[in-house]
Amino acid sequence: MNTDELLGKFMLDSSPVSCEPYGNGHINSTFLVQTEKGTRYILQRLSEEAFKDVPALMENISGIAQFLDAKAKAEGSPCHVLPPVKTADGMTYIQVAAEDAGDFEPGYYRVTPFAENSICLEKPESDEDFYQCAIAFGTFISELADYPAETLHETIPNFHNTPDRYRIFHETLERAKADPQLAERVEAAENEIEFVLEREESAGLLQKLRDSGELPTRVTHNDTKLNNVLLDKDTRTLLYVIDLDTVMPGLSLYDYGDCIRFGAATAAEDETDLSKVHCDLHLFEVFTRGFLESCEGLTDLEIKLLPDGARTITLELGVRFLTDWLDGDKYFAIKYPEHNLDRCRSQLALALDMEIKREEMKEIVNELSGN
């Protein structure tokens with residue numbers, strides 16, 4: 001199958017004239033397509049390693065896109081997601097078999113419109129950029145408040161189930177202790193292992209409150225980094241929330257918390273000088289203000305536990321990095337032998353700083369929410 005044959009299955013506005021690799025994503029393979037009329041599209045091959053049920057994933061995205069489009073039209077407001085381009089037979093993806101692949105790898109492919117006049121940032125360049133990121137994800141949760149979350153498929157089961165992450169950690173730790181090739185890794189991470197074990201009970205609080213119904217299950221994005229928001233190039237305001245592959249039932253606190261973990265940290269995710277790793281309270285306030293302004297309908301308990309959302313998701317990622325270190329680096333791509341251990345240490349240092357600043361974080365939330 002060549003480029004024309006593959007793209008010809010989608011309802012583009014005219015014939016494609018170019019298809020080039022695009023972006024720096026680590027999961028899906030992405031290409032920028034341009035047609036005879038000058039219209040641009042994004043073509044992606046979805047990773048079946050990361051997503052075991054691509055049809056279910058695309059069913060999630062299609063349902064959400066249709067729902068938000070209908071709501072935007074009814075309210076006369078912009079729709080902040082990009083809908084999949086359909087095929088001639090009404091599907092939102094195609095599956096290319098190995099015997100038909102030709103110029104492409106076999107697998108599932110989809111097409112979405114390219115967002116013209118947009119920018120995608122890896123890091124905020126100003127407080128306003130981070131504020132707009134908060135507006136984006138707060139709006140996303142708010143606009144989907146009446147979407148039936150229970151109808152969504154879990155594209156990655158138990159993705160933000162912290163007790164289950166601990167279960168996997170315990171199993172991996174015991175296996176590593178019994179494996180002569182991994183035993184040195186256990187010894188090297190002795191302090192980190194003790195740190196996460198001391199916090200196991202408190203780390204499971206949010207999931208426990210979700211299981212009991214005290215925290216509501218919502219439609220959540222589950223990958224709330226700034227680079228999953230497209231801003232208008234001229235106004236630097238929200239255009240689209242992108243990368244909906246991990247949209248699932250979840251907790252608003254984890255979407256909020258992951259943005260704080262990523263955007264309010266003073267150092268990189270793998271910083272080795274832990275004295276540089278802190279949660280910037282000014283950026284915490286900037287994001288929290290935007291999130292509370294845009295995410296309507298949060299319960300009093302959700303608002304109260306926002307700082308816990310940031311700390312829990314940071315600790316959870318630290319546990320995941322530690323687990324992968326103990327398992328011989330099988331999940332996360334690494335750039336050097338101790339990379340996962342350094343990532344773990346950085347995230348645990350950030351979680352500790354959040355614990356130290358918890359009361360200050362609570363005061364900021366209370367002031368902004370009027371509680």
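Summing Lys and Arg as +1 and Asp and Glu as -1 over all other residues whose Cβ lies under 14 Å from the Cβ of Lys37 gives a net charge of -2. One chain, two ends: Lys177 and Glu49. Fully extended at 0.36 nm per residue, the span grows by 43.3 nm beyond their Cα-Cα distance. The charge dipole of segment 1-106, taken about its Cα centre with unit charges on the Cβ of Lys, Arg, Asp and Glu (plus for the first two, minus for the last two), comes to roughly 500 debye.
Here the residues Thr312, Thr151, ranked from fewest to most Cβ neighbours within 10 Å of their Cβ, fall in the order Thr151, Thr312.
The lysines whose alpha-carbon is closer than 24 Å to the alpha-carbon of Lys123, local same-chain residues fewer than 8 away aside, are Lys225, Lys233, Lys276, Lys335, Lys357. Separation of segment 337-362 and segment 12-89, taken as the distance between their Cα centroids, equals 35 angstrom. Each other residue within a Cβ distance under 11 Å of Asn28 adds +1 if Lys or Arg and -1 if Asp or Glu, for a net charge of -2.
Phi angles of segment 42-49 translate, via the Karplus equation with coefficients 6.51, -1.76, 1.60 and θ = phi - 60°, into HN-Hα couplings of 10, 9, 10, 9, 7, 6, 7, 6 Hz per residue; Gly and Pro are given as x.
Lysines near Lys208 by alpha-carbon distance under 17 Å, same-chain residues fewer than 8 away left out - which ones? Within reach: Lys304.
Relative contact order for the chain: 17 percent, from Cα pairs under 8 Å spaced at least 6 residues apart, divided by residue count. Cross-link partners for Lys9 among the lysines, with Cα-Cα distance under 22 Å and sequence neighbours closer than 8 places in the same chain left out: Lys37, Lys86. Can you give the FRET efficiency for Tyr331 and Glu36, using 1/(1 + (r/R0)^6), R0 = 56 Å, r = Cβ-Cβ distance, to the nearest 0.05? Efficiency, from the Cβ-Cβ distance: 0.85. Once you reduce segment 152-213 and segment 217-271 to the center of their Cα atoms, the two points are 23 Å from each other.
Gain on full extension, evaluated as 0.36 nm per residue between Lys73 and Glu296 minus their Cα-Cα distance, stands at 78.3 nm. Charge tally for His80 (other residues, Cβ to Cβ under 14 Å; Lys, Arg +1; Asp, Glu -1): -3. Simple point charges give the picture: +1 on the Cβ of Lys and Arg, -1 on the Cβ of Asp and Glu, and for the chain a dipole about the Cα centre of about 440 debye. In this simple spin-label model, placing a label point 7 Å from the Cα along the Cα-to-Cβ direction at both Gln66 and Met91 gives a separation of 1.7 nm.
Considering only Tyr22, Pro84, Leu46, the residue lying farthest towards the positive end of the dipole of segment 3-114 is Pro84, judged by Cα position with unit charges set on Cβ.
A short reminder: the numbers here are calculations on the coordinates, not readings from a lab. These figures come from a predicted structure and were not determined experimentally. Cβ atoms come from the backbone with ideal geometry, glycine included; neighbour counts cover every protein chain shown.
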